[in-house]
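Student: My questions will all concern the structure given below.
The values are calculated or read from the model by the stated rules, or taken from the named source; none is laboratory data. Fair warning: this is a prediction, and the values are worked out from it, not measured in the lab. FYI the Cβ positions are ideal-geometry reconstructions off the backbone, even for glycines, and counts take in every protein chain you see. These area figures cover heavy atoms from the full protein model, side chains too; ligands, DNA and RNA do not enter into them. Shrake-Rupley method; radii C 1.70, N 1.55, O 1.52, S 1.80 Å.
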Amino acid sequence: MIGLGIPSRNVSNSIVNAQEIEYPPGLNETQFMVIASGGLGDVSNAYPWSIEVFKGKIFIGIGKVGTITQPLIIFLVDLLNLTLDPEIENAIHGGYWSPYITDWANITRPPGTWEVINCTAYRIWREANRAEIWFYDPEVHRWFLSYRADLVNVSELFVNPHICDTPFDEHKGIWVPIAMGFRAMKVHNNCLYVGVGGISGMFATKTYQPPLLLRTCNGIDWEIVPTPPEMGIDTRTIESHNGWIYVGSTSRGLLGGEQALIWGAPGHPDSPDDWILVGNLTGDTVPSIGNNLVVSLKSFNGYLYAGTSNFRYGCEVWRSRVSNPIDPKNDWIKIFDYGGGDMMNYWAGTMKIYNNTLYVGTMLWPFIFGSDESSRPKFMLRGFDIFEIYPNDTWDLLVGAYIPRRPVDGWVYDDYINIVINGTLITVPIRIPRSYYPSGFGNLFNIYDWSMEEYNNIIYVGTMDWSTFLHFVSIENLLQLFGIDEEEINETIELVINDLRTALDYINQSGKIPEKYIDILANLIDELERIVEEEDLTQKLEDLKELFLQYFGGADLWKSENDTTWIPVTLNGFNNSYNYGIRVMKVGPGSTEKLYVGMANPFDGMGILRAPEAPPVVGGLIQILHDNNETNSQEIYHVLISLIVLALVIIVGTILRLRTKTF
């Protein structure tokens, strides 16, 4: 839901003052202090992709803009045959970010026949995209670079690999980073394991397999962990469980492969032969046939739990039948499927243990992907859900959509209600979240539960909120590119209205949600009802956009002491709307134990905050390194942001509109 905890913010003509609200225990926004910003001196350090406490330090794995955001933008520009202003074109291709791969190489032909076309761009790209691992030493309040990705010779991919050689080059031929992002971290048997994510796998050769895992046992010296080729080149989850290390990996990158696989090894694996395929969660029948990636792993209740990606039928959660699974099929039992009753929950992406309960936060995109491969993805607004899984294998929906956007035939729902959509009375099923809070806590743009952490018996949830990008997106472009018609827009808004109205009814009955909170939700529903009556489609969308920008813009951080009453710490990225995602959180050391929060920001560079911090005093300042550069062109900012949001929501729809049977 919306609107609490923001000092003096104008929402629906009412002022919400933090002082008027009785906060539950836990941290508040004023206690957070920035300890890193501007990507630690490099704006291409866009994402704090992973975090872990090791040897008394806070380790951060960086995701480069060149492995996430930039490829999406370049793809969009090529797909739509866009002609950009020369200044903007220059910004994308080296004037703001570093050059992209296509700025220095022609890779339109098969590997082995690629061609180097710009030596200067190649050298800049090579150095700018070497992924990094940093650590923060709380005793001296400073950041240190622990590792920068090594370079590897991939000359065999090119027909002219020595065109850039000079007598002074240390590296003859074409060399690329072995990693462009580190998406996962886990301490295992007193060593730190780090998982590689991104596009570095595209540089595989006949003799070179890009690494999947790195390892250090002292925080300084790093080595590649040997893995078998079939284990893949991309992971987003690592877990240490009962003396084994487990990895969910793929050879196909972010969208996954054809199977949802888990690999495991006892102790510290030193050979590819040490790894065993311990889990294959892709079934032969609906719905598990759609599982194409394991996106989360957690050791809980003596077993290993796994969350899947499934765009066709909704995410699933499984657990091992035995403490250490060996049989990839028979050692696993399913906890729930079909996205917990709404197949729009595509990823069971985030797991956290709290009060002897496993919390599972979902991730999704603002499209409905039908199980029919040829069907057009349908635009739909919806936030993430949070599920609770108990030690006895039962589960509850804690936070979530009342009206499932992709309901499941034969599912046992909590109730059914009659609603009117586009003038037609229909009966829809509803799910009733145990906390009564609707999906995304009421923000339909909170599409990722991106991180969860417990601090001083309070659970915190960090979101990815793509409403940030609405400031810079043309409604006309969205209508044209999505192919959305008025009937589809009305259906989306009316489903949102009915979902929030149902939530409001149950919240009022509960008697435990603050009155101010209820008033703001009611105001939002009133505004949505006014918008749906607007006759002009473009104006309708403009009004919808502005309404949500009133309430949101930047990542959210929510907290609860009892998992049923939730209050926001921030709804606007800690007063920086470019901080659109709280990618990681971790409790770690300081003068007292602290909560560290990592902000995703591909415009200014990633940042790290921590709390609680008292106001600085003379002689006791926390040193803030690498402040943001405020001289960046706002015009370039806005165009980049516009391109990024279009990439995030349009490319996904386009790719999956043409997708193969991978899904």
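Student: Would you confirm whether or not the range 364-377 contains a residue that is farther than 27 Å from residue 583 by Cα, part of a strand (DSSP E or B) and either open to solvent by 40 Å² or more (accessible area, probe 1.4 Å) or hydroxyl-bearing (Ser, Thr, Tyr) (or both)?
Tutor: The answer is no, given that none of the residues of the range 364-377 is farther than 27 Å from residue 583 by Cα, part of a strand (DSSP E or B) and either open to solvent by 40 Å² or more (accessible area, probe 1.4 Å) or hydroxyl-bearing (Ser, Thr, Tyr) (or both).
Student: Of everything in the range 223-246, what is among the charged types (D, E, K, R) and surrounded by 17 or more Cβ atoms within 10 Å (Cβ to Cβ)? Give them in sequence order. Steps first, answer last, please.
Tutor: Filtering the range 223-246 for residues among the charged types (D, E, K, R) gives 223, 230, 234, 236, 239.
Residues satisfying the conditions are 234, 236, 239.
Residue-wise test of (1) within 23 Å of residue 215 (Cβ to Cβ); (2) of a type in the set (Phe, Trp, Tyr).
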position	(1), (2)
120	no, no
125	no, yes
133	yes, no
143	yes, yes
152	yes, no
160	no, no
164	no, no
168	no, yes
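Student: Now a separate question. Looking at the range 526-639, what strands (runs of 3 or more DSSP E) fall wholly within it and have at least 2 residues that are under 21 Å from residue 39 (Cα atoms), modelled with pLDDT of 80 or more and of a type outside the set (Gly, Ala, Ser)?
Tutor: Here the list reads 581-588, 594-600, 607-611.
Student: Taking into account only those residues within the range 416-444 that are hydrophobic (A, V, I, L, M, F, W, C) and open to solvent by 10 Å² or more (accessible area, probe 1.4 Å), which is farthest from residue 494 (Cα to Cα)?
Tutor: Per the stated criteria, the residue is 432.
Student: Would you mention how many residues in the range 499-517 are assigned to a helix (DSSP H, G or I) and surrounded by 15 or more Cβ atoms within 10 Å (Cβ to Cβ)?
Tutor: Here the count works out to 10.
Student: Here's something else I'd like to know. Only one of these conditions is not met by residue 404: (1) outside any loop (DSSP other than H, G, I, E, B); (2) out of contact with any Ser or Thr (no Cβ under 8 Å at 6 or more places or on another chain); (3) crowded, with 22+ Cβ neighbours inside 10 Å. Which number is it?
Tutor: For residue 404, the failing item is (1).
Student: Starting from residues that are within 19 Å of residue 147 (Cα to Cα) and open to solvent by 10 Å² or more (accessible area, probe 1.4 Å), keep the ones in the range 179-190 and report whichever is farthest from the chain's Cα centre (by Cα).
Tutor: Filtering first and then ranking leaves 190.
Student: Report, by residue number, each residue of the range 133-142 that is open to solvent by 20 Å² or more (accessible area, probe 1.4 Å) and touching a strand residue (DSSP E or B) at 6+ places or on another chain (Cβ under 8 Å).
Tutor: 134, 135, 137, 141, 142
Student: Go through (1) at negative phi; (2) in a loop (DSSP other than H, G, I, E, B); (3) open to solvent by 60 Å² or more (accessible area, probe 1.4 Å) and name the single condition residue 410 misses.
Tutor: (1)
Student: Let me ask something else about it. Just need a number here: residues in the range 202-217 that are polar (S, T, N, Q), farther than 26 Å from residue 598 by Cβ and open to solvent by less than 40 Å² (accessible area, probe 1.4 Å). It would help to see each step written out before you state the result.
Tutor: First, the residues of the range 202-217 that are polar (S, T, N, Q): 205, 207, 209, 216.
Right, trim to farther than 26 Å from residue 598 by Cβ and you get 205, 207, 209.
Next, from what is left, pick out any that are open to solvent by less than 40 Å² (accessible area, probe 1.4 Å): 205.
Looking only at that region, the number is 1.
Student: Whether any residue in the range 214-227 is within 26 Å of residue 323 (Cα to Cα) and of a type in the set (A, V, I, L, M) is what I want to check.
Tutor: yes
Student: Can you tell me which residue among 220, 199 is closer than 23 Å to residue 71 by Cβ, open to solvent by 20 Å² or more (accessible area, probe 1.4 Å) and β-branched (Val, Ile, Thr)?
Tutor: On inspection, the qualifying residue turns out to be 199.
Student: Shifting gears a bit: Residue by residue through the range 138-173, note down the ones that are aliphatic (A, V, I, L, M) and either free of Cβ contacts under 8 Å to residues at least 24 places away in the same chain or not in a loop (DSSP other than H, G, I, E, B) (or both). Reasoning before the result, please.
Tutor: Here is the first cut: in the range 138-173, the ones aliphatic (A, V, I, L, M) are 140, 145, 149, 151-152, 154, 157, 159, 163.
Selection gives 140, 145, 151, 152, 157.
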